[in-house]
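Only one structure is covered here, and it is reproduced in the block below.
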Amino acid sequence: MSKLRSIVRLRCAVKQYEWGQIGESSHVARLAERNSGEEIDQARPYAEFWMGTHPSGPSYVASGAEEDAVSLTDWIGENPAVLGEKIVDTWGPDLPFLFKVLSVAKALSIQAHPDKKLAELLHKSRPDIYKDANHKPEMAVAITEFKALCGFVTAEEVQDVLATVPEVRELIGTVKNGNGFIGCCTEFHGNGCNPSINGNGCVNEENGNGFALGKNCNGAVVEEEYLDESKIYLKLIFTTLMSASQVAVSNAIQKIKSRLVAENKTRSLTEKEQLILMLEQQYPGDVGVISAFFFNYVTLCPGEALYIGANEPHAYLYGECIECMATSDNVVRAGLTPKFRDGFPEILRGVPLNKNVYRYTPPFDEFEVDRCSLLPNETVTFTPVLGPSIFLVLSGTANVGMDSLNDLETFSEGNVFFVSANTEANIRNAADAPLVLFRAGVNQRFFD
């Protein structure tokens with residue numbers, strides 16, 4: 001394999017979803033400008049920077065004139081050996097991971113990503129919406145303080161919400177469905193708390209603003225697994241909340257807002273209460289505002305990471321992160337396929353490979369992420385691995401060479417390069433400022 005085929009520069013895609021940070025304030029915007037040369041529109045949001053082969057935002061091999069650019073998908077198809085034999089045998093001639101940067105200004109929808117079986121069913125039945133048949137486990141590594149909702153709180157915490165938030169208790173206790181009155185679920189047993197899901201089910205779709213779980217409809221798909229008593233209780237509470245009418249939800253939110261604004265004059269609000277007020281400002285009257293009471297509120301410091309499995313409900317709220325996932329863009333709303341697993345999510349802080357490189361290893365075969373920091377004139381060697389890698393220069397300037405520090409190519413902030421399987425990458429900080437780059441590759445456990 002020639003040197004040209006071992007390390008190649010990529011031109012990548014940007015997504016301007018409305019929840020993105022605006023103009024130059026967005027790290028995504030600054031990376032995209034340096035990557036493609038396109039000027040930043042200071043009035044538009046810049047939400048995601050995509051690096052990979054997904055057809056909704058493919059990268060291109062940067063080879064000079066734009067009209068001569070070849071997609072990374074086509075280039076890999078013509079040169080499958082760049083992936084490594086085991087990758088091709090398992091996933092075919094394509095990257096198994098998708099690498100991103102996110103700049104989040106306001107809350108995304110509470111959502112989940114389907115497992116492989118459900119993804120195949122959704123893609124077959126609605127290919128216009130679910131554009132691939134793959135699952136989408138993912139991991140976010142914070143590059144600024146990063147806030148998210150992830151997974152359900154414990155049943156004990158649900159009890160505390162019902163005990164201390166009268167508006168939620170009233171809403172849960174007065175919801176009716178097609179089978180009649182559900183009753184106030186203030187205990188695990190009795191008081192009208194029937195742990196069966198109503199016969200109609202409830203699917204809640206996004207309202208177009210981003211955060212919503214929107215209007216009710218029939219036919220919920222729920223994960224078929226054994227649920228212990230606490231999970232049945234949690235499932236009932238959440239399903240009951242999602243079944244509430246828009247009028248009831250709006251009234252409850254207004255009461256919560258009025259009470260918290262008044263109480264803030266005599267006491268300090270909790271972090272969760274402050275979050276509720278922030279979400280109400282972004283999405284007034286939305287059921288997602290109330291549902292936030294039932295999810296873990298997570299704050300990641302820069303360098304900390306969070307991984308999210310199939311059907312795990314979550315919502316990114318604010319901040320910027322590196323994100324890596326299986327190659328998919330499938331999203332379902334939390335009302336459709338919630339996994340009723342409670343408890344606080346695991347936070348990863350990276351395992352040092354050497355003094356410059358930390359590795360984040362989620363429990364998924366498709367990907368892992370390395371964070372590399374180099375002071376001026378420092379060097380590091382990424383030894384050959386059996387699969388492909390994508391590198392992003394987040395800040396600074398790097399000299400990169402294959403097998404040695406001779407015949408170097410320079411990559412600066414926003415530059416992205418693909419490194420083929422079985423290729424050594426030697427990197428030197430070529431500037432007077434710190435160099436920070438991230439690498440995405442196939443999880444080492446896949447090869448072990």
Go through (1) basic (Lys, Arg); (2) in a helix (DSSP H, G or I); (3) modelled with pLDDT of 90 or more and name the single condition Lys235 misses. (3)
Of all residues in the range 417-441, how many are in a strand (DSSP E or B), within 16 Å of Ala62 (Cα to Cα) and touching a Ser or Thr at 6+ places or on another chain (Cβ under 7 Å)? 1
With in contact (Cβ under 8 Å) with a residue 40 or more places away in the chain and aliphatic (A, V, I, L, M) as the only criterion, which of Leu121, Leu31 stands out? Leu31
Only residues in the range 219-240 that are under 15 Å from Ala112 (Cβ atoms) count as the first member; pair them with residues that are at pLDDT below 80 and among the β-branched types (Val, Ile, Thr), Cβ under 6 angstrom, at least 6 apart or cross-chain, and list the lot. Ala220/Val203; Val221/Thr337; Thr239/Ile197
Name, by its number, the condition in (1) of a type outside the set (A, V, I, L, M, F, W, C); (2) at pLDDT below 95; (3) touching a Phe, Trp or Tyr at 6+ places or on another chain (Cβ under 8 Å) that does not hold for Gly23. (2)
Please enumerate the residues belonging to the range 383-416 that are in a strand (DSSP E or B), in contact (Cβ under 8 Å) with a residue 40 or more places away in the chain and open to solvent by 20 Å² or more (accessible area, probe 1.4 Å). Ser395, Met402, Glu409, Ser412
It is to be established whether one or more residues within the range 40-59 are touching a Leu at 6+ places or on another chain (Cβ under 6 Å), in contact (Cβ under 8 Å) with a residue 12 or more places away in the chain and of a type in the set (Val, Ile, Thr). yes
Residue set Val101, Val82; condition in contact (Cβ under 8 Å) with a residue 60 or more places away in the chain, within 22 Å of Cys12 (Cα to Cα), buried (at least 23 other Cβ atoms within 10 Å of the Cβ) and more than 27 Å from the chain's Cα centre (by Cα); output residue Val82
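Going by what's in this entry, would Arg428 be described as touching a residue at least 12 places away in the same chain (Cβ under 8 Å), over 21 Å from Val70 (Cβ atoms), touching an Asp or Glu at 6+ places or on another chain (Cβ under 8 Å) and open to solvent by 40 Å² or more (accessible area, probe 1.4 Å)?
yes
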From Ser258, Ser268, residue being part of a helix (DSSP H, G or I), open to solvent by 50 Å² or more (accessible area, probe 1.4 Å), among the hydroxyl-bearing types (Ser, Thr, Tyr) and modelled with pLDDT of 95 or more: Ser258
Leu279 is checked against (1) modelled with pLDDT of 95 or more; (2) open to solvent by less than 10 Å² (accessible area, probe 1.4 Å); (3) within 30 Å of Tyr358 (Cβ to Cβ) and fails just one. What number does that condition carry? (3)
Considering only residues of the range 30-75 that are touching a Gly at 6+ places or on another chain (Cβ under 6 Å) and closer than 19 Å to Lys106 by Cα, which is surrounded by the most Cβ atoms within 10 Å (Cβ to Cβ)? Tyr46
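The values are calculated or read from the model by the stated rules, or taken from the named source; none is laboratory data. Here the structure is a predicted model, which is why all the values come from computation and not from measurement. Every residue, glycine among them, receives a Cβ derived from its backbone with ideal geometry; neighbour counts consider all protein chains shown. For the accessible areas, the whole protein counts, side chains as well, though only heavy atoms, and no ligand, DNA or RNA atoms are used. Shrake-Rupley method; radii C 1.70, N 1.55, O 1.52, S 1.80 Å.
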